[in-house]
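Report on the structure given below.
Any read-out appearing in this document is the output of simple, stated calculations on the displayed coordinates, not a laboratory observation. Remember, predicted model here, so these are calculated numbers, not experimental data. Cβ placement follows ideal geometry from the backbone for every residue including glycine, while neighbour counts extend to all protein chains displayed.
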Amino acid sequence: MSTGTFVIGIDFGTDSVRSVVVDARDGALAGAAVAPYPRWAQGRYCDPREHRFRQHPLDYLSAMESSIRAALAQAGGDVAARVRGISVDTTGSTPVLADAKGRPLSLLPGFEEDPDAMFILWKDHTAVAEAARINELARSWGGPDYTKFSGGVYSSEWFWAKALHVVENNPAVARAAVTILEHCDWIPAVLTGTEDLGRIRRSRCAAGHKAMWHPEFDGYPSSDFLARLSPRLPALRETLGSRTFTADAPFGTISPAWAATLGIPADVVVGVGAFDAHMGAVGGDIQPHHLLKVMGTSTCDMLVAPKTDATEVLVAGICGQVDGSILPGAIGYEAGQSAFGDVFAWFKQLLSWPLLAIQPDAPEAGDPRRAALADAIMDRIIPALDKAAAEIPPSRSSVVALDWFNGRRTPDADQRLQGAIARLDLGTDAPRIYRALVEAIAFGSRAIVERFRAQGIRIDGIIGIGGVARKSPLTMQVLADVLDMTVEVRAGEQPVALGAAMFAATAAGLHATIEDAQRAMSSGTEARYRPDPARARLYDALYRDYVELGSFVEEELTQ
């Protein structure tokens, strides 16, 4: 590998895009920048009461350009001239209906303000009924059960459910749509100027985990199966092809227009895209039989196991298992929780209601010092709760909560489910409720670990990456105690974007394999949380309380 070569990793998150410029030799960070999505920040095209969350493609394009240019400017010198590769990760499943050139319909006249013509964000739950139809058909139609490699339960958060919802409820969009694109497939197509649908290299990660693609099915679910859901789906399916690609493969070369816009060489290689959690697992230095938790607004729990000659074990109730979705040559398993950091954000908003609703109407509300004070208080709420809750010992008589505030992703996806808090009395204060929420999140993680183990998949350790992992020692210690396993927290501000950079270095030929890129570019471990034996025993009992509350709530909500 030549000296001083750089790569760019681009991480499209829920609220913003993060770009990092990284030295491919050792992973040293040369520049980084974050750019928010302007329309999303204004709350446009979303209706939380209807569980509708849509994002405009122009948000992605403007934020991507801003963040890359800013990261390159921070790197300075001649770094831009020495960039050799770019790879992107995105949320998922975040699909969009597009035209014959792969252009999202919201970029075309007449659809600019239509939410159904935009990207359907991962946490959009408008397709609950459609997911139920897919699950029912998969079990009853007499052909293959196309959900078998997706945990046996298809989710409203995924590709076909969202597409089905839109084509059945928006005739104009249905008529105009030629294909469906995942966000992680669209961005490489944009960067390379690819407008031929047959030349788009579809992500193995996205297709396998969210669109029921598998070699056993010769690709995606059959046209016969999809036609029983909607007559519009088979034509869309035909545009997808049958091949998929792992993220270490090149997608193509950057287009002259984007090379000029970004000020980078015209021969920069653009890698095949993938989902954020999967590239984040690589950036977090995932190891075989270690569960890596990407801890953000939700969690995605990633696990890799070497392929063997034995028949592949199917794990029920997870978000899929795909050959090569994380590390090429290994089976990648995905699970997760639909709300993680979002649970804390909800509680913070609940507690800060007076600051937002009453304080602006108070005398002298226009005084900027009052707004600054409100912002300062809000910034201190979670750290203060973390500190106070850490002083409260776990107890069988303590508050117990469920973490299903945005439904349940795994085990056994069900977005109809809701959170709950029990054992409240007049002595219950905010720190005690907060601790119960922390414990609920840890119990949700334990349910995932227990499902893998019950299905014969070994888990030897836990790895945490993301904001919560680095900012909340309480959460990490409770997680270690509940799981009775050591939790390692990886260093680095942007492990997901670093994972994208590792794939960029591999796709560009700067490292022979993604494992070589991991060894060279890893950020290492910054903290380890070891379980306390006494607390671990107590949490065994508290976990049973969590399971009993969950069974009660699930029965009440789904009967």
Worksheet entry | Calculated on alpha-carbon atoms, Rg and Dmax of the stretch 188-243 in Å | 12.2, 36
Discussion item. Test of the criteria: in the stretch 168-209, which trypsin sites (Lys or Arg not before Pro) are in a DSSP loop and have at most 12 other Cβ atoms within 10 angstrom of their Cβ?
Written reply: none
Practice prompt. Normalise the Cα radius of gyration of the stretch 338-486 by 2.2 N^0.38 Å (N = residues in it) and let me know the number.
Written response: 1.20
Fill in: Ratio of the Cα radius of gyration of the stretch 49-150 to 2.2 N^0.38 Å, where N counts its residues
1.51
Worksheet item: Given only helices, namely DSSP H runs of n ≥ 4 each adding -39500 (n - 2.57), what is the per-residue ellipticity at 222 nm of the chain, to the nearest 500 deg cm²/dmol?
Response: -12000 deg cm²/dmol
Worksheet item: Semi-axes, largest first, in whole Å: what does sqrt of 5 times each Cα gyration tensor eigenvalue give for the stretch 89-219?
Response: 24, 18, 12
Worksheet, complete the sentence: Projected onto their principal axes, the Cα atoms of the stretch 225-275 stretch, largest extent first, over whole-Å spans of 49, 22, 17
Response to the item:
the stretch 179-219 -> Rg/Rh from Cα coords, Kirkwood Rh, value 1.00
Fill in: Placed amide H near ALA491: partners under 5 Å, 5+ positions off or other chain
GLY524, THR525, GLU526
Discussion item. Based on DSSP loop calls and a cut-off of at most 15 other Cβ atoms within 10 Å, the longest stretch of the chain free of exposed GluC sites (Glu not before Pro) is what?
Written reply: 196-311
Worksheet item: At ARG453 and ARG49, where each label point lies 7 Å from the Cα along Cα→Cβ, what is the point-to-point distance in nanometres?
Response: 4.4 nm
Discussion item. Would you report the distance distribution of C-alpha pairs in the stretch 383-471 as whole percents per 10 angstrom bin, up to the bin with the largest distance?
Written reply: 14, 39, 36, 10, 0
Discussion item. Out of the trypsin sites (Lys or Arg not before Pro) in the stretch 1-74, which ones are loop residues according to DSSP with at most 16 other C-beta atoms within 10 Å?
Written reply: ARG44
Worksheet item: Restricting attention to the alpha-carbon atoms of the stretch 188-306, what are Rg (one decimal) and Dmax (integer), both in Å?
Response: 17.1, 49
Discussion item. Using only the alpha carbons of the stretch 131-183, what is the convex hull's orientation-averaged projected area in square nanometres?
Written reply: 4.4 nm²
Response to the item:
In Å, the Kirkwood hydrodynamic radius from C-alpha pairs for the stretch 489-533 sits at 11.6 Å
Discussion item. Around GLU50, under 13 Å between beta carbons, what's the net of Lys plus Arg minus Asp minus Glu among the other residues?
Written reply: +1
Discussion item. Given an 8 Å cut-off on Cα distances and at least 6 residues of separation, report the relative contact order of the stretch 412-529 as a percent.
Written reply: 23 percent
Worksheet entry | Rel. contact order, % - alpha carbon contacts under 8 angstrom, at least six apart, the chain | 16 percent
Item to complete: Using every Cα-Cα pair within the chain, state what percent have a distance larger than 40 Å.
Response: 22 percent
Worksheet item: Hey, what D do you get for the stretch 86-129 in µm²/s if you plug the Kirkwood alpha-carbon radius into Stokes-Einstein at 20 °C and 1.002 mPa s?
Response: 184 µm²/s
Discussion item. Can you give me the Kirkwood hydrodynamic radius for the stretch 150-238, using every pair of distinct Cα atoms, in Å to one decimal?
Written reply: 13.9 Å
Worksheet item: Any idea how far the Cα center of the stretch 492-559 sits from the one of the stretch 259-324, in Å?
Response: 12 Å
